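The values are calculated or read from the model by the stated rules, or taken from the named source; none is laboratory data. Quick caveat, the model's predicted, so the values are computed rather than measured. Reconstructed Cβ throughout: ideal geometry from the backbone, glycine too, with neighbour counts over all protein chains shown.
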Amino acid sequence: MDVDLVVVGSGPVGLYATYYAGFRGLRTAVVDSLPEPGGQIAAMYPEKLIHDIAGLPRVRGRDLVAGLLDQANTYEPIWLLGQAAQHVQRLDDGRLRITTTTGVEVTTRSIVLAAGIGTFTPRPLPAGGEFVGHGVDYFVTDPSSYAGHDVLVVGGGDSAVDWALTLEPVAASVTLVHRRPQFTAHAASVTRMRESTTSVRTPYVVHALSGDDTVRRAILRDTSNGDLLELDCTRVVAALGFTADLGPLAGWGLSIVDRHIEVDSTMWTGIDGIYAAGDVTDYPGKVRLISVGFGEAALAVNNAAVASDPTAQLFPGHSTATAA
């Protein structure tokens, strides 16, 4: 497929870059290795309140993502989710061709890398991998789908505790399992969880899962003495965290220092047609905030637009000047 711009990454900065590219009249495709848009916020902190977004005194992570996604969809971008941008090739006419990990080829004039802190890969559940997609989830996309289920949440970080709190009023029951008595989640959230109806089992790990076409039962192992405990569960949320790295982008010839891509004041990476924005970038005075990333996204898209079409103006005008 042919587009004007490819945005790599669908976190908050990538979503805003996608909207802004559409505002500039660019046909845009979005590539992300995660199956759902939202990046780190959607994957790990969907229920956390964010307080440093301009104009929003407080906003829940999933609500911020929903608003950015609605905004990004204004100009009907092409979504290529669940696949990473693997290879990039310079064509004879100067355009760039991206090949994703699923073999999709996209030809574009420019690229904006908004990959956050890199490609996210969920840490796998040690047992019961055969039930992934059949009762075992690494991402919760719709909490209402857990209604009436006996849910087992595995993990001790913010995302695990947040999902236990979110699903507790929805599910028939929620049990949280963590391998240590101590949690790395925010202390106030842990207190709320312990005061809820959530059953907290520590120090336990998942020893095995069983079922037919979907998970039906879990066997837990006490890490202090090896004792086994069986319980019914029809859904499992594996919130064991994620590993993050630049993945295939590390082989694109970019200037990378400590897993960050060096850019100049125009967000140019030093490779013609490739710009970057958000946490993945580095330059003197860099501050890693979502609000800063939004500004970088606008810089990257505007400069990419001019680089690909020298007749275009760098400043496209204010949105208030456009027709409603």
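I'd like to verify a number: residues in the range 100-116 that are free of Cβ contacts under 8 Å to residues at least 24 places away in the same chain and within 20 Å of the chain's Cα centre (by Cα), how many? Walk me through how you get there before you give the answer.
From the range 100-116, those free of Cβ contacts under 8 Å to residues at least 24 places away in the same chain are 102-103; that's our starting set.
Those left that are additionally within 20 Å of the chain's Cα centre (by Cα): 102.
The qualifying residues number 1.
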Within the range 229-271, how many residues are surrounded by 15 or more Cβ atoms within 10 Å (Cβ to Cβ) and of a type in the set (Gly, Ala, Ser)?
-> 5
For GLU195, work out the one condition from (1) farther than 30 Å from ASP309 by Cα; (2) surrounded by 15 or more Cβ atoms within 10 Å (Cβ to Cβ); (3) charged (D, E, K, R); (4) modelled with pLDDT of 95 or more it doesn't fulfil.
-> (2)
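Give the residue, chosen from ASP258, ASP272, that is more than 14 Å from GLY9 (Cα to Cα), out of contact with any Ser or Thr (no Cβ under 7 Å at 6 or more places or on another chain) and in contact (Cβ under 8 Å) with a residue 60 or more places away in the chain.
ASP272
A quick yes/no check of all residues on (1) over 30 Å from LEU91 (Cα atoms); (2) at pLDDT below 95; (3) aliphatic (A, V, I, L, M):
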| position | (1), (2), (3) |
| --- | --- |
| GLY211 | yes, yes, no |
| PRO248 | no, yes, no |
| ASP264 | no, no, no |
| TRP268 | no, no, no |
In the range 196-223, what count of residues is obtained for those that are of a type in the set (S, T, N, Q), closer than 14 Å to ARG180 by Cβ and touching a strand residue (DSSP E or B) at 6+ places or on another chain (Cβ under 7 Å)?
-> 1
Select from the range 280-321 the residues that are surrounded by fewer than 21 Cβ atoms within 10 Å (Cβ to Cβ) and among the charged types (D, E, K, R) and write down the one among them that is farthest from GLY94 (Cα to Cα).
-> ARG288
Taking the range 51-89 as the search range and keeping residues that are surrounded by fewer than 13 Cβ atoms within 10 Å (Cβ to Cβ) and touching a residue at least 40 places away in the same chain (Cβ under 8 Å), which one is nearest to ARG27 (Cα to Cα)?
-> GLU76
GLY38 vs. criteria more than 30 Å from GLY157 (Cα to Cα) and either in contact with an Asp or Glu (Cβ under 8 Å, 6 or more places away or on another chain) or crowded, with 16+ Cβ neighbours inside 10 Å (or both) | no
Residue selected from the range 10-29 under the condition touching a Ser or Thr at 6+ places or on another chain (Cβ under 9 Å) and farther than 24 Å from GLY317 by Cβ, by the criterion modelled with the highest pLDDT = ALA29
Got at least one residue in the range 277-291 being assigned by TED's automatic domain parsing to the domain that holds GLY61, of a type in the set (Phe, Trp, Tyr) and under 16 Å from VAL13 (Cα atoms)?
-> no
